[in-house]
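One structure below.
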Amino acid sequence: MYSYNQLCSALDTVQDELIQHDFWDTKLSKIDVYWDIYSSAYGFQNFYDDKKYGNKGSITIPAFSRSKFQELFGSQYVSLKDILRHEYGHAFAYCNKKLISTIEFKNAFGGIHNNVELFEYNPNHFVSKYAALNTMEDFAETFMYYLEYSGILATKFNHPIIARKWKFISHLSNLKS
Ligand SMILES: [Zn+2]
């Protein structure tokens with residue numbers, strides 16, 4: 001389970017990373033992060049106004065989640081920082097709709113951001129299995145690893161298709177208005 005203090009500490013680190021990579025701006029700083037008791041997922045980003053979860057665009061991280069529980073039974077461990085990095089990927093996309101609607105995005109990710117099409121997982125094409133779920137998750141997962149690895153493309157990701165997505169993310173701060 002995650003305590004409120006753990007969430008605040010992880011949030012400090014991830015927000016610092018966002019600042020370092022120049023992803024942090026007024027829009028992203030207005031994204032609230034909520035701590036909740038339970039959710040099935042590790043965390044989520046709220047696309048709609050919700051009475052329970054407050055502001056549109058906000059991120060919610062539950063203290064307990066089914067996903068976290070499943071780690072006890074062999075599913076891959078995901079750190080709280082990675083959960084936040086992933087959700088901030090969604091939040092960045094939410095705050096910068098123009099950037100993710102470009103032809104450059106489509107060329108890099110092989111589809112439009114809100115594509116619901118399931119891709120076939122290939123480790124040379126995706127940073128993780130979850131990234132193959134759809135384009136939106138692919139973006140969030142790549143964004144997560146980009147922050148985790150300080151923007152340096154790891155050898156395991158050094159494949160042309162992943163490198164193209166990585167490069168797109170590295171250019172985002174320059175494209176931001
Ligand atoms: Zn996601």
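For a label point 7 Å from the Cα of ALA41 along Cα→C-beta, name the residues of the range 98-124 whose backbone N is under 16 Å from it. Within reach of a label on ALA41, which here means backbone N under 16 Å from a point 7 Å along Cα→Cβ, the range 98-124 contributes 113-118. Picking from ASN55, ASN115, ASN96, which is most flexible by a Gaussian network model of the chain using Cα springs under 10 Å? It is ASN115. Mind running the shape call on the range 96-177? Use the C-alpha gyration tensor, a ≥ b ≥ c as the square roots of the eigenvalues: rounded below 1.5 for a/c, prolate if a/b tops b/c, oblate otherwise. Oblate shape, in that a/c is at least 1.5 and b/c is the bigger or equal ratio.
Considering only THR135, THR60, THR26, the mean-square fluctuation computed in a Gaussian network model of the chain, springs between alpha carbons under 10 angstrom, is largest for THR26.
Footprinting exposure proxy ranking of PHE64, PHE168, fewest other C-beta atoms within 10 angstrom first, gives PHE64, PHE168.
Computed from phi, the 3J(HN,Hα) profile of the range 120-129 under the Karplus parametrisation 6.51, -1.76, 1.60 (θ = phi - 60°) reads 7, 6, 9, x, 7, 10, 10, 6, 7, 5 Hz, with x in place of Gly and Pro.
Listed by Cβ neighbour count within 10 Å, with the fewest neighbours leading, SER101, SER128, SER3 appear as SER3, SER101, SER128. Counting only DSSP beta bridges with both residues in the chain, the antiparallel share comes to about 35 percent. In this rough spin-label picture, where each label sits 7 Å from Cα along the Cβ direction, the LEU175-THR155 distance is 3.1 nm.
For the chain, the Kirkwood hydrodynamic radius comes to 16.5 Å, computed from all pairs of different C-alpha atoms.
Centre-to-centre separation between the Cα atoms of the range 1-17 and those of the range 106-134: 28 Å.
Which longest uninterrupted range of the chain lacks any GluC sites (Glu not before Pro) assigned by DSSP to a loop state (not H, G, I, E or B) and surrounded by at most 13 other Cβ atoms within 10 Å?
My reading of the result: 1-116 is the longest stretch.
Here, the range 1-86 is characterised by an Rg to Rh ratio of 0.97, where Rg is the alpha-carbon radius of gyration and Rh the Kirkwood radius. Computed per residue of the chain from DSSP H runs no shorter than four, each worth -39500 (n - 2.57), the mean residue ellipticity at 222 nm is -13500 deg cm²/dmol. Note on VAL78, VAL33, VAL127: ascending count of other Cβ atoms within 10 Å places them as VAL78, VAL33, VAL127, the fewest first. Across GLN70, GLN45, GLN20, mean-square fluctuation computed from a Gaussian network of the chain (C-alpha pairs under 10 Å connected) peaks at GLN70.
Bear in mind these aren't lab numbers, they're just calculated from the coordinates by the rules spelled out. Quick caveat: nothing in here was measured; it's all calculated off a predicted structure. Ideal geometry is used to build each Cβ from the backbone, glycine not excepted, and the neighbour counts take in all protein chains shown.
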